[in-house]
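These notes are about the structure you will find just below.
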Amino acid sequence: MAIREIIKLPDPMLRQVSKPVAEVTDETRRIMDDMLDTMYDAPGIGLAAVQIGIPQRIVVIDLAKEGEEKQPIHLVNPEIVWVSDEQSDYEEGCLSIPEYFDMVSRPKEVTVRFLDREGQSREMRCSGVLATCVQHEIDHLNGVLFIDYLSKLKRDRVVKKFAKAQKLARAGV
Ligand SMILES: [Zn+2]
């Protein structure tokens, strides 16, 4: 298990569409273990494989609070198969867009179909933070970021800020 580097805006890889996993193997499980290590270290509550530079349809989530027993959720090839009509607003952040938070409106409840850590097909009904998190992470697999739901003005401002920070970092400033 290892902590990997999380790629950040404006890395173009964040816009890639991730490929489905053909079969859940030990290699898949190794990636998920690294993803969890990386997410706990950050710390965060959800991570998509593409965020550590692996464009495969793999997501990990853990909503356990600090000090609570870990409750990792492993989602391979996750797919939203039902959404509620009711929406809810939630202040989202992203490990690839550090220290930026904004309100996003999404379906309040969803059902997700996925393969678990053992490759078994499952369905899970999600509400609350879990519903938001699942949708946010599946968006990553499609190259979509939460800032895409904001106004163009806001989004451009965020992208510009991160592009500038990257330039300064490269210049060694
Ligand atoms: Zn994210």
Legend entry - Criterion (more than 16 Å from the ligand (Cβ to nearest atom), among the hydrophobic types (A, V, I, L, M, F, W, C), surrounded by fewer than 22 Cβ atoms within 10 Å (Cβ to Cβ) and in contact (Cβ under 8 Å) with a residue 24 or more places away in the chain) met by exactly one of Val83, Val76: Val83
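Regarding segment 145-157, can at least one residue be identified that is among the small types (Gly, Ala, Ser), more than 20 Å from Glu5 (Cα to Cα) and touching a strand residue (DSSP E or B) at 6+ places or on another chain (Cβ under 8 Å)?
No, because not a single residue in segment 145-157 is among the small types (Gly, Ala, Ser), more than 20 Å from Glu5 (Cα to Cα) and touching a strand residue (DSSP E or B) at 6+ places or on another chain (Cβ under 8 Å).
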Legend entry - Residue that is farthest from the ligand (Cβ to nearest atom) [pool: residues in segment 133-172 that are of a type in the set (Asp, Glu) and free of Cβ contacts under 8 Å to residues at least 24 places away in the same chain]: Asp156
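Confirm whether Gly128 is at positive phi and open to solvent by less than 20 Å² (accessible area, probe 1.4 Å).
Spelling it out, it is not the case that Gly128 is at positive phi and open to solvent by less than 20 Å² (accessible area, probe 1.4 Å).
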Legend entry - Matching residues in segment 141-150 - criterion: being open to solvent by less than 60 Å² (accessible area, probe 1.4 Å) and over 13 Å from Leu14 (Cβ atoms): Leu150
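Could we say that Met35 is closer than 19 Å to Ile138 by Cβ, open to solvent by less than 20 Å² (accessible area, probe 1.4 Å) and within 16 Å of the ligand (Cβ to nearest atom) here?
yes
The values are calculated or read from the model by the stated rules, or taken from the named source; none is laboratory data. All values reported here derive from a predicted model rather than from experimental measurement. Methodologically, a virtual Cβ is constructed for each residue, glycine included, from the backbone with ideal geometry; neighbour enumeration extends over all protein chains shown. What goes into the accessible areas is simple: the full protein's heavy atoms, side chains included, and nothing from ligands, DNA or RNA. Shrake-Rupley method; radii C 1.70, N 1.55, O 1.52, S 1.80 Å.
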